[in-house]
């Protein structure tokens with residue numbers, strides 16, 4: 001299975017935020033969209049960073065309430081690991097495990113085409129296992 005298969009089921013919608021906005025704005029978007037991370041946009045396409053709930057929690061622990069007025073650019077992760085639609089699920093799982101990340105933007109030809117979370121990967125893998133189970137049961141039943 002490839003990332004393109006996952007996105008075909010999940011969709012290509014990505015929650016984004018400008019690097020110039022503040023953390024309070026980011027929290028509102030995270031809540032409204034029901035997501036755990038935002039792709040950060042800026043002058044360089046397709047993205048300049050990623051901001052996760054974890055980044056915000058760490059900032060709140062370190063700075064208290066003043067973290068809420070911090071610009072997204074100051075908290076975001078700038079070294080973003082990305083994949084493309086041809087990336088295999090095994091490669092994606094390896095990337096996420098090796099770098100301890102939960103969200104990976106999908107970029108194709110310098111265009112942001114999706115965002116994959118660890119939850120999406122687990123769901124896709126469970127769906128694969130369920131299909132394998134069904135095929136094995138069908139095969140055994142046909143004998």
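The values are calculated or read from the model by the stated rules, or taken from the named source; none is laboratory data. Since we're looking at a predicted model, the values are computed, not measured. In this analysis, Cβ positions are derived from the backbone assuming ideal geometry, glycine residues included, and neighbour counts consider all displayed protein chains.
So for region 69-83 (the condition being under 30 Å from residue 132 (Cα atoms), modelled with pLDDT of 95 or more and in contact with a strand residue (DSSP E or B) (Cβ under 8 Å, 6 or more places away or on another chain)), does at least one residue qualify? Yes, there is a match, as at least one residue in region 69-83 is under 30 Å from residue 132 (Cα atoms), modelled with pLDDT of 95 or more and in contact with a strand residue (DSSP E or B) (Cβ under 8 Å, 6 or more places away or on another chain). Assessment of region 43-52 against the conditions (at pLDDT 95 or above, farther than 16 Å from residue 111 by Cα and surrounded by 15 or more Cβ atoms within 10 Å (Cβ to Cβ)) yields at least one matching residue.
To keep it simple, each residue is scored yes or no on (1) part of a helix (DSSP H, G or I); (2) over 20 Å from residue 110 (Cβ atoms).
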| site | (1), (2) |
| --- | --- |
| 17 | no, no |
| 20 | no, yes |
| 25 | yes, yes |
| 29 | yes, yes |
| 63 | yes, yes |
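From the residues in region 103-143 that are under 17 Å from residue 36 (Cα atoms) and in contact with a strand residue (DSSP E or B) (Cβ under 6 Å, 6 or more places away or on another chain), which one is surrounded by the fewest Cβ atoms within 10 Å (Cβ to Cβ)? Don't jump to the end; show me each part of the working.
Going residue by residue through region 103-143, those that are under 17 Å from residue 36 (Cα atoms) are 103-106, 114-123.
So of that shortlist, the ones also in contact with a strand residue (DSSP E or B) (Cβ under 6 Å, 6 or more places away or on another chain) come out as 103-106, 114-117.
Working: 103: 24, 104: 25, 105: 22, 106: 24, 114: 24, 115: 25, 116: 22, 117: 18.
Of everything passing the filter in region 103-143, 117 is surrounded by the fewest Cβ atoms within 10 Å (Cβ to Cβ).
Yes or no, residue by residue, for (1) within 20 Å of residue 7 (Cβ to Cβ); (2) in a helix (DSSP H, G or I):
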residue: 67; (1), (2): no, yes
residue: 73; (1), (2): no, yes
residue: 85; (1), (2): yes, no
residue: 92; (1), (2): yes, yes
residue: 97; (1), (2): no, yes
residue: 105; (1), (2): yes, no
residue: 112; (1), (2): yes, no
residue: 126; (1), (2): yes, yes
residue: 137; (1), (2): no, yes
